[in-house]
């Protein structure tokens, strides 16, 4: 189970950014090494209308440089619908503008971006099979892959299937793999009048609402519409409807009627999931998982496309340079993924802190303090944008004095509210 030799086959399951990036890297690196490696990618969907990807579709820098410098793929600027220059954070009673701290992000349609990367993989010589994998058999010297349309042998399998439950079950039957824990998401899009879109601006509005089951939500401007998403352990369409009727959300999208329609007809809803933990058994003899399927993304606020492409490249490099055994992946894959793995506990801590802050009003006080405290302002921007590790964000948020000032202010606010209630 050493590095892939000339004439070997690698199979990638999943044609999203992680799978496409891994397939492209396998072909490019193998050519540079003088090896003829066959790369086969299985993807059950065709990324075209009316298919919809549940990802909101905001790509953060330096994804453009990564594609160009590491994969040799031009960034598809023609697909960009809007440049995102900042954020407005809304808590239960406060809001604050967060911008000017990093390069703009790119808002686009994920289905178009995924299709572009898959076409680039085909140009590199990757064989794309539009079929779902139905079973896997792992042997000492090979893997047997069975799909709805064919079967083949391979030296290694790369799992890039996101949180697809069916494919996770297929892999779980063959090896000791358990998908990561995840939050549920609901996404919809609304089409405001043209003048509203022209004046909406280039900021994402992020919400930490007082609705118990919703951990966070956002309104993202695109070309001719706004994407609205929420996330939480148990969110559903009814939770989305409550979010759409929430006063602070309605202040941002006042044109929605009480039933959630936008003038173009009833809204359509799409449900998905985002991982919040590492998967169990995300590598082993002759297989390795990348991106969401492994849980390898920034906890709580993902940069999922960036992480998927990066881990796909790392997996390809290790397969070609070191081998495909569990021992190889334990030594090399865990090492290159160390920054992501180390950040997961801090992301979980941040998630619980935000939940406590939403319920108690502590976040409102922190937002008030941040207006005059640059360190806290930067920490909030990094938390909302995913621009920094949560290890660094937690360090800045819990600087001596900041949280204590927020707690003192919170206690004072409650005392004032109690006195007003007694007087009334």
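What to note about this one:
- For 32, 388, order by how many other beta-carbon atoms lie within 10 Å, fewest first: 32, 388
- By the beta-carbon count within 10 Å of each Cβ, the least crowded to most crowded order of 318, 186, fewest first, is 318, 186.
- Largest first, the extents of the alpha carbon coordinates of the chain on the three principal axes equal 82, 49, 37 Å.
- Mean Cα-pair separation over length for the chain, i.e. relative contact order, pairs under 8 Å, 6 or more apart, %: 19
- Tensor-based shape of the stretch 203-347 (alpha-carbon gyration tensor, a/c under 1.5 rounded, otherwise prolate or oblate): prolate
- Computed from Cα atoms alone, the Kirkwood hydrodynamic radius reported for the stretch 1-150 is 17.6 Å.
- Highest-MSF residue in the chain out of 306, 224, 202 [GNM, Cα springs under 10 Å]: 224
- Sequence-distant contacts, meaning Cα pairs under 8 Å at least 6 residues apart, place the relative contact order of the stretch 182-274 at 39 percent.
- Both radii are taken from the alpha-carbon atoms of the stretch 182-274; with Rh as the Kirkwood radius, Rg/Rh is 0.94.
- Candidates 384, 235, 196: whichever shows maximal mean-square fluctuation once the chain is modelled as a Gaussian network with Cα springs under 10 Å: 196
- Ranked list, fewest to most other Cβ atoms within 10 Å of each Cβ, for 146, 113: 146, 113
- Among 371, 326, 28, residue whose mean-square fluctuation peaks in a GNM of the chain (springs only between Cα atoms under 10 Å): 371
Taken together, the values in this text are just the output of simple stated rules run on the coordinates, not laboratory data. Nothing here was measured: the structure is a model prediction, and the numbers come from that model. Cβ: placed from backbone, ideal geometry, glycine included. Neighbour counts: every protein chain shown.
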